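Below you'll find the structure, written out as structure tokens, and then a few comments.
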Amino acid sequence: MKKIFSGIQPSGIVTFGNYLGAMKHFVDFQASYDCTFCIVDQHAITVPQDPVALRDQKRKLAALYMAVGIDPNKSTIFIQSEVPAHAQLAWIMQCISYIGELERMTQFKDKSEGKTGVSAGLLTYPPLMAADILLYGADIVPVGDDQRQHLELTRTLAERFNRQYADIFTLPEPKILGRRIMSLQNPEKKMSKSDDNNKAFISMLDDEKTMTKKIKSAVTDSDPNIRFDEENKPGISNLLTIYSLLNDQSIEAIEKEYDGKGYGAFKTDLAELAVSVFRPIQQRFYEIYESDEVDNALDAGSDKANEQAQHLLQKAEEAMGLQRS
Ligand code: TYM
């Protein structure tokens with residue numbers, strides 16, 4: 001069975017962007033792949049996090065993975081920092097990365113631009129991501145479009161290691177899952193759980209009133225036609241994308257349905273649709289979050305992940321001369 005690996009940062013609560021761009025699709029992979037889904041807390045600390053909030057966000061992310069339908073009996077769910085091999089292989093990956101190629105990563109440029117005191121971890125974020133993937137021999141890595149460059153670098157590092165030391169790493173294939181979901185307040189920017197403006201994103205745990213309010217105050221343009229045109233009408237195009245992904249309906253069909261109806265009616269229906277999709281997920285979430293299920297799944301997940309990861313780490317260390325014999 002082919003292997004799938006993917007991860008989400010617990011740097012906030014999972015947004016519509018993470019859900020529609022990644023998490024929603026993970027569920028379907030379970031039937032035909034051996035899946036591992038990671039809560040990447042070591043990536044989250046590349047920018048400052050409140051320790052108490054971070055701990056809670058990790059448990060919430062685990063419960064959300066399960067609430068959307070990831071079954072811990074079929075797939076492995078675990079926390080990155082509970083598997084030390086990630087940081088160990090990340091160091092090896094850093095040693096074969098060039099500073100120039102890390103500085104070229106657009107995520108690094110975006111997150112460091114105009115900031116003083118940028119952490120070294122922000123620069124070495126991609127070698128840690130490469131380690132995550134390579135430790136499990138992943139064949140396929142499903143991610144949103146914003147992670148494409150990191151995956152290209154992962155393949156470059158795996159190839160470089162295989163050529164220089166020993167042919168031990170599987171070259172992972174990226175599986176780009178779909179369109180980028182944009183900020184509701186600035187549709188030129190991607191929706192992000194760490195946005196300072198909390199009207200810019202919808203969290204999967206926002207209550208019904210908040211979700212509705214955020215959708216109704218989403219930025220659109222002055223031409224009232226509901227038409228998909230990312231260049232000239234980015235706001236409504238983003239809302240059409242969200243509608244289409246929530247309802248598994250084509251954008252053309254939605255455009256036709258709302259022809260001549262105006263933004264107000266469209267936003268009201270989109271808010272109702274969003275609430276109806278997330279109500280059952282939130283109900284399951286609170287049941288799981290308040291039970292022992294999260295810790296049981298995470299304990300079993302970290303045991304399984306440690307066992308698998310140790311095997312490839314040892315091979316990589318041997319190949320580089322780090323093991324004594
Ligand atoms: P993160 O936590 O930013 O996002 C998790 C997943 O959600 C996707 N995504 C989006 N998709 C569409 N529209 C958006 N606005 C949007 N925002 C986020 C991301 O593409 C991602 O698939 N570096 C990764 C985490 C990571 C990882 C890994 C992923 C660490 N190690 C190994 C795969 C494999 C990240 O920051 O994801």
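For Asp145, what accessible area in Å² do you get when you roll a 1.4 Å probe over the heavy atoms of the protein chains, rounding to the nearest 10?
40 Å²
Would you mind checking which residues have amide H under 5 Å from Gln9's amide H? H placed 1.01 Å from N; only 5 or more apart, or other chain.
Long-range HN contacts for Gln9: Val40.
In debye to the nearest 20, how big a dipole does the chain give about its Cα centre with +1 on each Lys and Arg Cβ and -1 on each Asp and Glu Cβ?
On the way: 37 positive and 47 negative charges, 79 e Å.
Using Cβ point charges on Lys, Arg, Asp and Glu, the chain gives about 380 debye.
Roll a 1.4 angstrom probe over the protein heavy atoms and tell me the percent of accessible area of the stretch 177-258 that is carbon or sulfur. Display every interim value, and only then the final one.
Values: 1790 of 4170 Å².
With neighbouring chains kept in place, the figure for the stretch 177-258 is 43 percent.
Which of Gln149, Leu177, Asn162 sits closest to the plus end of the dipole of the stretch 138-177, meaning its Cα is farthest towards the positive end, when Lys and Arg get +1 and Asp and Glu get -1 on the C-beta?
Value computed over the given set: Asn162.
Given the options Pro224, Met211, Leu240, identify the residue whose Cα lies farthest towards the positive end of the charge dipole of the stretch 180-317 (+1 on Cβ of Lys, Arg; -1 on Cβ of Asp, Glu).
Towards the positive end, the residue furthest out is Pro224.
Rounded, prolate or oblate: pick one for the stretch 1-96, where a ≥ b ≥ c are the square roots of the eigenvalues of its C-alpha gyration tensor, a/c under 1.5 means rounded, and failing that, prolate if a/b is larger than b/c, else oblate. Spell out each step's value before the answer.
Numbers: a/c = 1.90, a/b = 1.18, b/c = 1.61.
Cα axes put the stretch 1-96 in the oblate bin.
Once you have the Kirkwood Rh of the stretch 234-325 from its Cα pairs, apply Stokes-Einstein at 4 °C and 1.567 mPa s and quote D in µm²/s.
On the way: Rh = 17.8 Å.
Roughly 73 µm²/s, to the nearest whole number.
Please tell me the relative contact order of the stretch 107-196 in percent, rounded to the nearest whole number, where contacts are Cα pairs under 8 Å and at least six residues apart. If you can, show how the numbers build up before the last one.
Working: 89 pairs, mean separation 23.9, N = 90.
Relative contact order of the stretch 107-196: 27 percent.
To the nearest 0.05, what FRET efficiency results for Asp71 and Glu173 with a Förster distance of 30 Å applied to their C-beta separation? Write down the numbers at each step before the final one.
On the way: r = 24 Å, r/R0 = 0.80.
Efficiency at R0 = 30 Å is approximately 0.80.
What does the extension gain come out to for Ala87 and Ser291, with contour length at 0.36 nm per residue minus their alpha carbon separation?
Working: separation 204, 0.36 × 204 = 73.44 nm, distance 3.03 nm.
Between Ala87 and Ser291, full extension yields 70.4 nm more.
P(r) of the stretch 172-229 in 5 Å steps, Cα pairs, percent per bin?
4, 16, 22, 22, 16, 12, 5, 2, 1
Between Arg104, Arg155, Arg59, which gets the highest mean-square fluctuation from a Gaussian network model of the chain, Cα cutoff 10 Å?
Looking only at Arg104, Arg155, Arg59, the biggest GNM fluctuation is shown by Arg104.
Starting at 0 and stepping by 5 Å, how many percent of the alpha carbon pairs of the stretch 106-231 end up in each bin?
Going out from 0 Å in 5 Å bins, the stretch 106-231 shows 2, 9, 14, 15, 15, 15, 12, 9, 5, 3, 1, 0 percent.
Per residue of the chain, what 222 nm ellipticity follows from adding -39500 (n - 2.57) for every DSSP H run with n ≥ 4, rounded to the nearest 500?
Working: 14 runs with 168 residues, N = 325.
Mean residue ellipticity at 222 nm (helix-derived): -16000 deg cm²/dmol.
With +1 on each Lys and Arg Cβ and -1 on each Asp and Glu Cβ, and nothing else charged, work out how big the dipole of the stretch 81-209 is about its Cα centre, in Debye to the nearest 20. Walk me through the numbers before you get to the answer.
Details: 16 positive and 19 negative charges, 56 e Å.
Dipole about the Cα centre, nearest 20: 260 debye.
Using only Cα atoms, what Kirkwood radius does the chain have, in angstroms?
Values: mean 1/r = 0.0481 Å⁻¹.
The answer is 20.8 Å.
What chymotrypsin sites (Phe, Trp or Tyr not before Pro) does the stretch 36-141 have in DSSP loop regions with at most 16 other beta carbons within 10 Å?
On the way: sites: Phe37, Tyr65, Phe78, Trp91, Tyr98, Phe108, Tyr136; in loops: Tyr98, Tyr136.
Within the stretch 36-141, the qualifying chymotrypsin sites (Phe, Trp or Tyr not before Pro) (loop, at most 16 other Cβ atoms within 10 Å) are Tyr98.
Please give the helix 234-247 orientation as an angle from the longest Cα principal axis of the chain, in degrees from 0 to 90, rounded to the nearest 10.
80 degrees
Please state the relative contact order of the chain as a whole percent: Cα pairs under 8 Å, 6+ residues apart?
Taking the mean separation of contacting Cα pairs over the length of the chain, I get 23 percent.
Assigning unit charges at the beta carbon (Lys, Arg +1; Asp, Glu -1) and nothing else, what dipole magnitude in debye, to the nearest 20, does the stretch 173-243 show about its Cα centre?
Numbers: 13 positive and 12 negative charges, 34 e Å.
Charge dipole, the stretch 173-243, about its Cα centre: 160 debye, nearest 20.
For labels at Cys95 and His311 in the simple 7 Å Cα→Cβ model, what's the distance in nm?
About 2.4 nm, to one decimal.
For the chain, find the longest principal axis of its Cα atoms and tell me its angle to the long axis of helix 262-289, 0 to 90°, nearest 10.
Computed tilt is about 40 degrees.
The values are calculated or read from the model by the stated rules, or taken from the named source; none is laboratory data. Not measured: the values here are computed from a predicted model. Cβ coordinates were reconstructed from backbone atoms using ideal geometry, including for glycine residues, and neighbour counts include every protein chain displayed. Ligands, DNA and RNA are stripped out before the accessible areas are found, and what is left, the full protein with its side chains, is counted by its heavy atoms. Shrake-Rupley method; radii C 1.70, N 1.55, O 1.52, S 1.80 Å.
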